[in-house]
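Report on one structure; see the data block that follows.
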């Protein structure tokens, strides 16, 4: 094969790859494509009813930049498709998806100032529940612990879980053990999502663990304005 023929073949391959990518990337970015996998379907169904229904799957699950795209979409996505077609997909109740905190903070940077502003200036819905805890300090503490914790350590159910006990929003975990209303997750016994749903703030705020030499107490007033607790959190 002559040099000209080889160059022509290479150009055809590159052009074909670019054309395929131009079609495949937008298609695979669409949430409906994710929902075509029966394992992801429950997550899709919860997403369309959530506060994030106008945010695509890849906006949260794929980190920005070339490295994020290659690792989170190209590599992880190809592996998931291969498992779906040729292997044994993970049960929907045992899915473990990680969302990088920097992705969350790309839209929610203001939460780092939640405890640094006057209560009257708190954004809704944190104003309604009188939340004055410091997100910034928690993020710093997670970094010190070095256990890959972040926004989803407390807010993992905000998109793919249902409001519990009649609350109008999907509250972060931490309002289960102190609430006297009986509640049980819909997930099967022993599943990852059930265990996650039952975890709460008292994993750290247990009256024993310490941070910067101080014991993490179990008082609700540590994070909430006292006059808001009864009306909105039903303690």
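If residue 80 satisfies all but one of (1) in contact with a strand residue (DSSP E or B) (Cβ under 7 Å, 6 or more places away or on another chain); (2) within 21 Å of residue 46 (Cα to Cα), what's the number of the condition it fails? If we test residue 80 against (1) in contact with a strand residue (DSSP E or B) (Cβ under 7 Å, 6 or more places away or on another chain); (2) within 21 Å of residue 46 (Cα to Cα), just (1) comes out false. Only one of the numbered conditions (1) in contact with a helix residue (DSSP H, G or I) (Cβ under 7 Å, 6 or more places away or on another chain); (2) at pLDDT 80 or above is violated by residue 48, and that is (1). If you go through the stretch 103-117 and keep only what is under 21 Å from residue 219 (Cα atoms) and out of contact with any helix residue (DSSP H, G or I) (no Cβ under 6 Å at 6 or more places or on another chain), you end up with 115, 116. For residue 34, the conditions (1) outside the structural domain of residue 190 (by TED's automatic domain parsing); (2) modelled with pLDDT of 85 or more; (3) surrounded by 13 or more Cβ atoms within 10 Å (Cβ to Cβ) are fulfilled apart from (2). Return a yes/no flag: does the stretch 62-81 have any residue that is touching a residue at least 60 places away in the same chain (Cβ under 8 Å), part of a loop (DSSP other than H, G, I, E, B), under 19 Å from the mean Cα position of the chain (by Cα) and outside the structural domain of residue 161 (by TED's automatic domain parsing). Looking through the stretch 62-81, none of the residues is touching a residue at least 60 places away in the same chain (Cβ under 8 Å), part of a loop (DSSP other than H, G, I, E, B), under 19 Å from the mean Cα position of the chain (by Cα) and outside the structural domain of residue 161 (by TED's automatic domain parsing).
The condition (being farther than 30 Å from residue 42 by Cβ and not assigned by TED's automatic domain parsing to the domain that holds residue 68) is satisfied by just one residue among 105, 95, 122: 122.
Among what's in the stretch 108-119 and is within 19 Å of the chain's Cα centre (by Cα) and surrounded by 14 or more Cβ atoms within 10 Å (Cβ to Cβ), pick the residue that is nearest to residue 43 (Cα to Cα). Give the steps one after another, and end with the answer.
Start the filter on the stretch 108-119 by keeping residues that are within 19 Å of the chain's Cα centre (by Cα), which leaves 108-112.
Applying the additional criterion that residues be surrounded by 14 or more Cβ atoms within 10 Å (Cβ to Cβ) yields 108, 111-112.
On the way: 108: 22, 111: 25, 112: 28 Å.
Looking at the filtered set, the residue picked out is 108.
Do you know which residues across the stretch 98-151 are part of a loop (DSSP other than H, G, I, E, B), free of Cβ contacts under 8 Å to residues at least 60 places away in the same chain and within 17 Å of residue 205 (Cα to Cα)? Result: 134, 147, 149, 150.
The values are calculated or read from the model by the stated rules, or taken from the named source; none is laboratory data. Every value quoted in this text rests on a predicted model; they were computed, and no experiment measured them. Positions of Cβ are backbone-derived with ideal geometry, glycine not excepted, and every protein chain shown enters the neighbour counts.
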